[in-house]
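Just so it is clear, none of the values below were taken in a lab; they were calculated from the coordinates. From a predicted model like this one, the values you see are computed outputs, not experimental measurements. All Cβ positions, glycine included, derive from the backbone under ideal geometry; neighbour counts span all protein chains shown.
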Amino acid sequence: MKQKRFISRIEEIILLSIWRLQDNAYGITIQDEVIRATGKSWLTGSIYASLSRLLKQGLVFSIEGEPRAERGGRRKIYYKLKPEGQRALLAVKRVNSLIWSGIHKLEIED
Amino acid sequence: MSNISFPKIAAWILERMIEPNVRYSAAGDFEERFNAIAREKGLLIARLFFWSQIPILFPSFINNQIYWSVEMIKNYFKTTIRNIVKHKVFSFINIFGLAIGMACCIVIILFVREELNFDRYHENANQIYRIASQRIQPSNSKPTTRSHYNIAPNLINDFPEVEDAVRLIKHNGFVVSYGDKRLTINPLYADPSLLEVFTFPLIRGDKKTALQDPNSVVISEELAERIFGAKNPMGEILVIHSQSSKYDLKVTGILKNIPYNSHFTFNFLAPMEHLKSRYENNRYPSCTTYLLLNENVSPEEFEKKIPNFVEKYLEERYASALKYFLQPLTSIHLHSDVALEIGQNSDISNSYKLSAVALVVLLIACFNFMNLSTARSSQRLREVGVRKVVGAGRGQILRQFLGEAIFLSFIALLFAVILASLFLQFFNSYMNRHLTMGFNENLVLYAGLAFLAVIVGFFSGAYPAVFLSSFKPVDVLKKDFKKGTMFGVFVRKGLVVVQFAASLVFIIGTIVVFQQLNFISKKDLGFDKSHIIKIPIYKDRKFTQRSEWIKSELSRNPNILSVIVTVDSPGTYGGNPTQCSPEGSSDDEFVKLNQLMVGEDFFSFFGIDIIDGRDFSKQIASDVDSAIILNETAVKRLGWTDPIGKQIRSDDFDKARTVIGVVKDFHNASLRQEIRPSFYVYMPDWLDCIFLRVRPNNIQETISFLEKRWLEFPTHLVFNYRFLDDYLETSLYKDEKKTSNVFKFASGLAIFIACLGLFGLALFTVNQRTKEIGIRKVLGGNVAGIVFLLSKDFIKLVLAANFLAWPVAYIVMNRWLQDFVYRIRIDIWMFLFSAVIVLVISFLTVSYQTIKAAIANPVDSLRYE
């Protein structure tokens, strides 16, 4: 299947976080991972808009975990990458490496 | 434990803000996060965190909402456009009908807005009041705009509440000349404060000094251009010819043209000083006075002080007989009902009437929309079904169809604006208005129109939307779904009946108004008004004194049958009510008779028979001061059997007058009044107008003779003539003419829109029954039978409309006719005639479709699909 459009940067970061977290990727861990990776404080809610979009695009899917007391008796919802998600990540990686290739002296010396 | 402290409200809000597909996981995550923070940093911080999520999430929430609604709207839009294009005829009927209805509304909104804004452009509009007076002794008479000449300066002196005051007197038909140019104008004489109290800006000159010099004049831009052309008018000298003298006036200012929405307008403004000697000691109220009250002065309080003031300044005899009261400037145009107005006023009831008419026309158009949308609902049922199956709620369908209606109504609005600018030209010329609808000066109006479009769309779309969204998908998608419910059909028929009933009312109204106007113009007024030319000459006293010479000069022309010079013609003025004491009654016994003045040969010229006694005669000198002629009604009122030789006394006469004759009754006033008991006195020296009876076959020739001859006459007057019959009709029945025009226009539009709707319905029904028609034909049905079958349903509705329309029309038109003493009876033929008109028009409308269907080859119709 041909990729319609490249995923956005935030989508890329979230997809990578989910991939990295493997079996433990749910809302909170994803947020923490994103914060760790980018060094910026991401808001809980802003993760969900992207997650929702990724779900709709069919790049990720969700599975239910066990109900937990600290979640008000709700189940954890884990997210996992679909093959399409992996393909989308690879596509942006390729683009990234292509557009970065041959660029060496970008660093600014303080 | 954690459940108690968890902020439920915030959680509820947050959940709603998050996309449904991740809502569940987010809710859990939020609560987990909350508990973690509560453990580490305390409950308060956790709560703060939780609540702060709401505003933080808000931007992305809005973003998402818009994204998805835009997607949906795109889809709705697409289906709407497709529907419009696919069903061109129906879309045209809907849009065009609505556009006509809206265009009527736009014109009427413009009209009503101007009516309401009359005189409000003055900066001090809310502080300006007019003093009106009413004679209350010996009996209440109609109030007039006139007040005494001297009260303005006295009011300023006596009352600190009065900041300023202006007196006005308007004269008609003066001639002004500049070099060879002569123009007839209506000068306004006013105090210099006019320019300060009212907001009449000057283009040139200074409003403080422009009228200070008694020999100055301020003219309007438009008049300046007519007189001076491109030349600078400032400082030029104009000669004004008043009745008996002429004087020079120097132009000291140019007025911006007076806005049309003023209850009085003028283009020639001269200082009051010129009229001072004439009016200063007048015992009667003779000028119009406007007061500028200080801010915060209550007009009611001030009004209470006026009676004392009147007593102080007027002779007792007049003070007790007269009442003064205040009229706010802004209410004069619509609410003042007093005599001797300086301009043409209107009445608020006009605005109501016209608004009602416009609303009815718009309503008829909205009904079209409702009818066609519900009738054609079967064509959209599949769409509704599919939408519902893939998850659309009833609310969404409802919104879709409402949105569609509003969209259509906006398209209609675009056309309406174009149509309105066309209508406006007719309206302006019929109603004598100067309404415009330029975009820049009417921004508020256009905003209001957008609102109107939404309302109209909502009103006409609501019922179809509810109707369409109510279907169950399973029923709809089943193939043999029977479209339309009994209720739907009933509503549709009801709406058609109402539409045609409204059209019928308008048509009956048109007929009644037309008949009444016809009746008035044909009615024998008791005098002969045909082929009479009227030339007013009272503005040149020197000329009028040569009446004998004028008569002999003009009667030399063979086309002029007879000439008189007299006060005025019959038919214009009902006379001045005068208290008379007839012979044989005691001193305090009075009879009220209307007094009229007539000149030489008045009765014989107008063909009024003297049925007893004799006419006034120039040879008998005593006729001027001691003779009187009565009309039949007056004789009846006095109860005299042999009136000739009896005497009548009155305060108005210098001595008792003897009855020398009785004339046949004739109509001295308009046909709204009955013939009143009247008497005529002889005034051979009052020579206001020339009346010529001319030969009917050479009228053009006669007029060009008069025009040419006039130039040699010793007068400054411009040749100005009217045909009497024409003049009487236009000046007395102006309002009725307007009503008649409005009715004609409205009934035309109403029936047109209603027929558009009917056409649409017929088209639809015929399409639905194509197969049925084909089968009928195959089985031997003939064309006439099929046409009848198809038309029957519609004709029934139109007939039913009569039952609704007749009583309404009867009540409304009967009320209108009450204004006339001499009126037609509303006859059954008027109803039948309108019924036939509507029936024929609607039958023709429907028959286009039905005949087309009936003559179609059954092979084609049966193969269809």
Efficiency of FRET from Cβ geometry, B:THR572 and B:GLU707, R₀ 25 Å, rounded to 0.05: 0.50
Relative exposure of B:ARG863, B:ARG226, judged by other C-beta atoms within 10 Å (fewest first): B:ARG863, B:ARG226
For region B:85-205, the Rg and Dmax computed from alpha carbons only, in angstrom: 24.4, 78
Zone residues, region B:156-200, relative to B:ASN294, backbone N less than 16 Å from point 7 Å out along Cα-to-Cβ: B:156-165
Scaled radius of gyration (Cα, divided by 2.2 N^0.38 Å) that region B:506-649 gives: 1.32
Average partner coverage of A:64-73, which counts Cβ from other chains inside 10 Å: 5
Kyte-Doolittle mean at least -0.5, axial Cα span of 18 Å or more - DSSP H helices of chain B: B:43-86, B:88-116, B:348-375, B:394-431, B:443-469, B:486-522, B:699-712, B:734-768, B:783-817, B:828-855
Rule-of-thumb Rg ratio for the protein assembly as shown [Cα; 2.2 N^0.38 Å; N residues]: 1.40
With eigenvalues of the C-alpha gyration tensor scaled by 5 and rooted, region B:310-398, Å: 65, 15, 8
Cα pair distances of region B:779-865 binned at 10 Å [whole percent]: 14, 32, 23, 15, 10, 5, 1
Residues of region B:667-692 with amide N under 12 Å of the 7 Å Cα→Cβ point at B:LYS636: B:674-678
For region B:1-111, average projected area of the Cα convex hull in nm²: 12.2 nm²
Cα extents of region B:536-580 along the three principal axes, largest first (Å): 43, 25, 18
Lys, Arg +1 and Asp, Glu -1 on Cβ, resulting dipole of the protein assembly as shown about Cα centre, debye, nearest 20: 6260 debye
Convex hull (Cα only) mean projected area of region B:602-741, reported in nm² to one decimal: 12.4 nm²
Ascending count of other beta-carbon atoms within 10 Å, so fewest first, for B:LYS664, B:LYS777: B:LYS664, B:LYS777
Cα convex hull of region B:183-229 - mean projected area over all directions, nm²: 3.7 nm²
Estimated translational D of region B:622-667 in µm²/s (Stokes, Kirkwood radius over Cα pairs; 25 °C; 0.890 mPa s): 224 µm²/s
Relative contact order (%) - criterion: Cα under 8 Å, at least six apart; region: region B:611-733: 26 percent
Estimated [θ] at 222 nm from DSSP helical runs (n ≥ 4, -39500 (n - 2.57)) normalised by residues in the protein assembly as shown, nearest 500: -18000 deg cm²/dmol
Distance between region B:1-63 and region B:721-755 - C-alpha centres, whole angstrom: 72 Å
Positive-end extreme of charge dipole, chain B - chosen from B:GLY101, B:SER349, B:LEU554 (charges on Cβ): B:GLY101
Residue pairs, from the table B:LYS142/B:LYS312; B:LYS353/B:LYS744; B:LYS142/B:LYS323, whose Cα atoms sit over 19 Å apart: B:LYS142/B:LYS312
Signed unit charges on C-beta, dipole axis of region B:685-829, positive-most listed residue B:LEU817, B:PHE705, B:ALA750: B:ALA750
Cross-link pairs beyond the 19 Å C-alpha cut-off, checked among B:LYS522/B:LYS734; B:LYS542/B:LYS655; B:LYS777/B:LYS852: B:LYS542/B:LYS655
From phi via Karplus (6.51, -1.76, 1.60), per-residue ³J(HN,Hα) for region B:679-685 in Hz, x at Gly/Pro: 10, 10, 10, 8, 10, x, 8
Separation of alpha-carbon centers, region B:786-865 and region B:269-308, rounded to whole Å: 59 Å
FRET efficiency, B:ARG863 to B:LYS86 (Cβ-Cβ, R0 22 Å, nearest 0.05): 0.55
Relative intensity, log₁₀ I(q)/I(0), of region B:544-616 from a Debye sum that treats every alpha carbon as a point, q = 0.25, 0.26 Å⁻¹: -1.21, -1.23
All Cα pairs of region B:658-806, percent lying beyond 21 Å: 74 percent
Region A:1-92 - convex hull of alpha carbons, volume per residue in Å³: 96 Å³
Rg/Rg_globular for chain B, with Rg_globular taken as 2.2 N^0.38 Å and Rg from C-alpha atoms: 1.31
Positive minus negative residues near B:LEU593 (Lys, Arg vs Asp, Glu; Cβ under 10 Å): +3
Pairwise FRET efficiency - B:GLU225 versus B:ASN140, Cβ, R0 = 45 Å, nearest 0.05: 0.45
Where only C-alpha atoms are counted, convex hull volume of region B:450-554 per residue in Å³: 246 Å³
B:GLU583 paired with A:SER101, simple spin-label distance in nm, labels 7 Å along Cα-to-beta-carbon: 13.5 nm
